[in-house]
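Below is one structure, written out as structure tokens, with a few remarks after it.
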Amino acid sequence: MTAASRQNKLVLEGLSKRYGAFTALEPTSLSVDDGEFLTLLGPSGSGKTTLLQMISGLTEPSEGKLWVDGEDWTFRPVNQRGMGLVFQHYALFPHMTVAENVAFPLQMRKLPQAELRSRVDETLKKVQLDAFAHRFPKELSGGQQQRVALARCFVFRPRLILMDEPLGALDKALRENMQMEIRRLHKEYGTTVVYVTHDQEEALVMSDRICVMNHAKVEQLGAPHRIYADPETLFAATFIGHSNVLTGKRLSMDDRTAVIRTPSGDFRGAYTARDRGTEKVALIVRPEQMRLGPPPDGEYDGVTGRLNDLVYVGADTRLLVSLPDSTEIMLRHDPATGAMPAIGDQVAVHWAKSAARIVS
């Protein structure tokens, strides 16, 4: 499905939730395209699960509107929404086989037996569990149980699938495998998915767009590569991936860039229009953008500091450098590109000005 052919599946207009004086979600407006995979990403208490529960109908909003396929679903009962729900706890029926668990939502919809069996068989094949159809949940691994939960959700072809931390109970290797499994199912079925996680890497791997949330509101919404490369706020820059942060005061700016004065020097970086009135700002540079050595020309900025530690991580080595004001920065260094300095050495570090971002 091309971007031009997509239409809005889900639209939120000023949706919010309050519990007395406590605000669980500030008024939030966003839209989700038909067939899109949108991830709500943020720490505990950021409002992401509250937002998902209002979309599902499990929680009523305090104000605002929710539209699905152009219909007002703001107060539609949860049992009339026909959405697929997948949670961290699989909620499988222990007395039913795999096939019976997957068939259950079709039985509730009174599908003819021939179509029911066909859909169950097809879906179990897609999640590679057709050989386990007659087993019970207790006879499956955690990853297999999660695939049953996914199959049970996808089998009835819901308009919208909501997933709340579905991989949180799995170990790292299995979690990564299941990320690919969900991506594949999403692409094969073309279903619209709204997915909640606090795992930054998971969001980057799986999403068409990421909605970064903090303190009950949206910090930034965009494609994964855009949020990683062009964060609009300090929170977005530091929550997704690692960022080197040099704080200071904005000295000047033009249409696209600004100069910031920090204890380590004056530096230039790209600057968004979001907070042009803010003087206290931070320079953000990703570790992979930093290199050893002094700035080669005027297109680069740099600092000097003491090498505190070397951390070998396989593909590269992480160098931790302490600046004179005690700020610590990290760069990723390929040992094959030159001699490795020793811990305690004074080192110069540089980066392209075009790779730096200034945020508030």
> Do you know which residues across the stretch 305-323 are more than 31 Å from the chain's Cα centre (by Cα) and either closer than 29 Å to residue 272 by Cβ or acidic (Asp, Glu) (or both)?
Replying inline: 305, 323
> Hey, which of the strands (runs of 3 or more DSSP E) in the stretch 288-345, taking only ones fully inside, have at least 2 residues that are over 27 Å from residue 268 (Cα atoms)?
Replying inline: 300-312
>> What's the total number of residues in the stretch 269-298 that are within 25 Å of residue 227 (Cβ to Cβ), charged (D, E, K, R) and surrounded by fewer than 19 Cβ atoms within 10 Å (Cβ to Cβ)?
In response: 6
> Checking residue 264 against (1) touching an Asp or Glu at 6+ places or on another chain (Cβ under 7 Å); (2) surrounded by fewer than 17 Cβ atoms within 10 Å (Cβ to Cβ); (3) under 24 Å from residue 232 (Cβ atoms); (4) small (Gly, Ala, Ser), which test does it fail?
Replying inline: (2)
>> Every residue in the stretch 212-270 that is more than 25 Å from the chain's Cα centre (by Cα), over 22 Å from residue 288 (Cα atoms) and part of a loop (DSSP other than H, G, I, E, B), please.
In response: 254, 255, 256, 263
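Take residue 181 and tell me if it is surrounded by fewer than 22 Cβ atoms within 10 Å (Cβ to Cβ), assigned by TED's automatic domain parsing to the domain that holds residue 46 and in contact with a His (Cβ under 9 Å, 6 or more places away or on another chain).
Answer is no for this residue.
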> When the stretch 51-106 is examined, which residues are found to be of a type in the set (Asp, Glu) and either under 19 Å from residue 39 (Cα atoms) or not in a helix (DSSP H, G or I) (or both)?
Replying inline: 60, 63, 69, 71, 72
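Taking the condition in contact with a Leu (Cβ under 6 Å, 6 or more places away or on another chain), of a type outside the set (Asp, Glu) and farther than 30 Å from residue 144 by Cα, does residue 74 pass?
Numbers: in contact with a Leu (Cβ under 6 Å, 6 or more places away or on another chain): yes; of a type outside the set (Asp, Glu): yes; farther than 30 Å from residue 144 by Cα: yes.
Here the answer is yes, as residue 74 does meet what is asked.
The values are calculated or read from the model by the stated rules, or taken from the named source; none is laboratory data. Just so it is clear, the structure is predicted and the values come from calculations on it, not from any experiment. Neighbour counts are summed over all protein chains in view; Cβ atoms, including those assigned to glycine, are modelled from backbone coordinates with ideal geometry.
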